[in-house]
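So the structure is just underneath, and the comments pick up after that.
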Protein chains: 2
Amino acid sequence: MSEPAVPAQESLAFSALVLALAGELVQGIHDRVVAAGFADLRPAHGFAFARISHGGATTAELAGHLGVTKQAAAQLVDELVRKGYVERTPHPTDARARLLRLTEHGWACTRAADAAAVEAVAPFRELLGPERFAALVRDLAALGPKGPIRPTW
Amino acid sequence: MSEPAVPAQESLAFSALVLALAGELVQGIHDRVVAAGFADLRPAHGFAFARISHGGATTAELAGHLGVTKQAAAQLVDELVRKGYVERTPHPTDARARLLRLTEHGWACTRAADAAAVEAVAPFRELLGPERFAALVRDLAALGPKGPIRPTW
DNA sequence: CGATATAGACAAGCTGCTTGTCCATCGATA
DNA sequence: TATCGATGGACAAGCAGCTTGTCTATATCG
């Protein structure tokens, strides 16, 4: 075995770096979103917003994307509806289902989260410079990670 | 404002990619660790192992690193002790504190987790090739993310 | 038209984390 | 050395987010 000693170190460093970076991003984004006035949300809600804003989501569908049970998703949606971020509208073709849609407040939060993400990433971008940063994003994209899908936080 | 339109897109893509990648890594590593026979652990334990294996950790210290309360950390340590991964030893200079140490079983798990991380990263490494992957790791390291420290999952 | 699957809701329960309180011991200071 | 605030750790109670299990209404396929 002992052949890939350096690659192993590199791979370990890679996962540690990605995990550390993700933690820092989550924290940084969440802090800014809270500071922007959306203090009644937690990081985990981000993925739900992403899916709902994409359109065509039902509660069961959302549950699948978040990797949780329907009840957990229903509870989360309930909370977001109570807080005015999401509304349930009748589904055009399925009388059982309810189509989820962001309210204006929900869209405002989404915009704030996007701005927060850009701000949180800005120092990294400046650290590497535009070219190297662009290359970094390109290489990360090339890895084709299959899923925000699962929150895991 | 509208000046940084493309950078904004790029920054958004960056955070989305890092988060997606982190989720995939967590899942991939955890699955392999479970498959290696350590089924009684959850992803969140990883950070605790990392800190304890580093040496010199007490429960309160661990709590700080994990970003949770002392009680939560104490509970987690209790569980790891019960399951045979960690042992509490007397602290050499502080009669209040207990020094945390991995057992042989704990070290075995750490080795399995490292191997799992390397395996989980392998496809990415092959996708980019050794040179581009090394450059990627170098650039990520240059960002100097300050903390595994906080689990957030 | 009948059988099976699915969207969503209701109920109960568990687990991981929190806050609050307490004691023993440490470190600094008088 | 005696005292006092700070700290490591433990105990207790409570909460929030998630789970499994069950039910109804509707959809879809034979």
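Scan the stretch B:101-112 and give yes if some residue there is surrounded by 15 or more Cβ atoms within 10 Å (Cβ to Cβ), in contact (Cβ under 8 Å) with a residue 40 or more places away in the chain, away from DNA strand C (no atom under 15 Å from the Cβ) and within 14 Å of another protein chain (Cβ to nearest Cβ), otherwise no. Yes, the stretch B:101-112 contains at least one residue that is surrounded by 15 or more Cβ atoms within 10 Å (Cβ to Cβ), in contact (Cβ under 8 Å) with a residue 40 or more places away in the chain, away from DNA strand C (no atom under 15 Å from the Cβ) and within 14 Å of another protein chain (Cβ to nearest Cβ).
Does any residue of the stretch B:35-56 turn out to be of a type outside the set (D, E, K, R), over 30 Å from residue B:122 (Cβ atoms), more than 12 Å from chain A (Cβ to nearest Cβ) and in contact (Cβ under 8 Å) with a residue 12 or more places away in the chain? Yes - at least one qualifying residue is present in the stretch B:35-56.
Within the stretch B:25-40, can you find the residues that are under 15 Å from the mean Cα position of the chain (by Cα) and either among the β-branched types (Val, Ile, Thr) or buried (at least 23 other Cβ atoms within 10 Å of the Cβ) (or both)? Working first, answer last.
Step one: filter the stretch B:25-40 for residues under 15 Å from the mean Cα position of the chain (by Cα), giving B:25-33.
Hits for the stretch B:25-40 are B:25, B:26, B:29, B:33.
Checking residue B:65 against (1) open to solvent by less than 50 Å² (accessible area, probe 1.4 Å); (2) within 14 Å of DNA strand C (Cβ to nearest atom); (3) part of a helix (DSSP H, G or I), which single condition isn't satisfied? So residue B:65 meets the others, but not (1). Picking from residues in the stretch B:69-86 that are touching a residue at least 12 places away in the same chain (Cβ under 8 Å), closer than 23 Å to residue B:34 by Cβ and surrounded by fewer than 19 Cβ atoms within 10 Å (Cβ to Cβ), the one that is nearest to DNA strand C (Cβ to nearest atom) is B:83.
Here is a check on your reading of the model: is residue A:99 among the aliphatic types (A, V, I, L, M), modelled with pLDDT of 95 or more and in contact with a Gly (Cβ under 8 Å, 6 or more places away or on another chain)? Write out each step before concluding.
On the way: among the aliphatic types (A, V, I, L, M): yes; modelled with pLDDT of 95 or more: yes; in contact with a Gly (Cβ under 8 Å, 6 or more places away or on another chain): yes.
So residue A:99 fits the description; yes.
The values are calculated or read from the model by the stated rules, or taken from the named source; none is laboratory data. No experiment lies behind these values; they were computed from the predicted model shown. Here Cβ is always computed from backbone atoms with ideal geometry, including for glycine, and neighbour counts include all displayed protein chains. Just the protein is used for accessible areas: all its heavy atoms, side chains included, with ligands, DNA and RNA removed. Shrake-Rupley method; radii C 1.70, N 1.55, O 1.52, S 1.80 Å.
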